[in-house]
Amino acid sequence: MPVMETARGRLILFGVAALASIFLWISAAWLINPWFDFYTGALSALGSPGATDPWIYNVGLMFTAILIVLYASGLILYSRNEIQTVGASFFVVAAMFLALIGIYHGGTYPHDFVSVWFFIQADIAIIIWGSGALLQKEIIGAYSVVIAISATFFAYAVKWPSSAELETFGTCAISLWVMLTIAFSRMNRL
């Protein structure tokens, strides 16, 4: 098995690790903060100064960002054209914004900016990468673009009772795309 093929196959599996990581760190932060109300609050309250051990949430975001960079590196190696490479690179930028959410926790001035831009960057990454896949006539391209556009539509169309619900919806949409790219890579269809 060529070195490049082995590297990209292993790197893209960091997507699974990133998904497990984000859900485990958020769950751990939530467990030690039983006052947190998913239906009225924002997830970032788990990393704010009023939380018990806010470092759990904040370090979790930074750690997950590293895993996302590794996953996106694998996606770059799978890319068949410059557009896909740019899309996967935008996903690296999204990971940096995720890390910045942990650095600029809730209650700091840049927090809202970096939080919103994490989701915007992820959307841009998915659309660009998917467009590149569409040029290759790959069905994963259509799935990618549909996921990103429909998630954005629902994010704005639904009246979300809490920021936590909206953030979870966005995270699930991104997670769906990551899982699809991993599945397609395993079937040698990327």
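Read the figures in this text as sums done on the coordinates, not as results from a lab. From a predicted model like this one, the values you see are computed outputs, not experimental measurements. When we count neighbours, we look across all protein chains shown, and the Cβ atoms used for this are built from the backbone with ideal geometry, even at glycine.
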message = Check which residues have an amide H placed less than 5 Å from A42's amide H, if you skip close sequence neighbours.
response = A164
Mean ellipticity per residue at 222 nm, deg cm²/dmol - from DSSP H runs of n ≥ 4 across the chain, formula -39500 (n - 2.57) = -26000 deg cm²/dmol
message = Could you check the spin-label model distance between V59 and R189? Points 7 Å from the Cα along Cα→Cβ, value in nm.
response = 4.0 nm
request  = Could you calculate the FRET efficiency of Y109 with T52 from 1/(1 + (r/R0)^6), where r is the beta carbon distance between them and R0 is 25 Å, rounded to 0.05?
outcome  = 0.60
request  = Add +1 for every Lys or Arg and -1 for every Asp or Glu among the other residues with Cβ under 12 Å from the Cβ of A45, and state the total.
outcome  = -2
task = Output the DSSP H helices from the chain with an along-axis C-alpha extent of no less than 24 Å and a mean Kyte-Doolittle hydropathy no less than -0.5.
result = 14-31, 55-78, 82-103, 111-135, 139-157, 163-186
ask   = Can you work out the FRET efficiency for the pair I32 and R10, with r the C-beta to C-beta distance and R0 = 35 Å, to the nearest 0.05?
value = 0.60
query = Sorted by packing (mean other beta-carbon atoms within 10 Å per residue), highest first, where do 158-169, 119-130, 83-94, 9-20 land?
reply = 119-130, 83-94, 9-20, 158-169
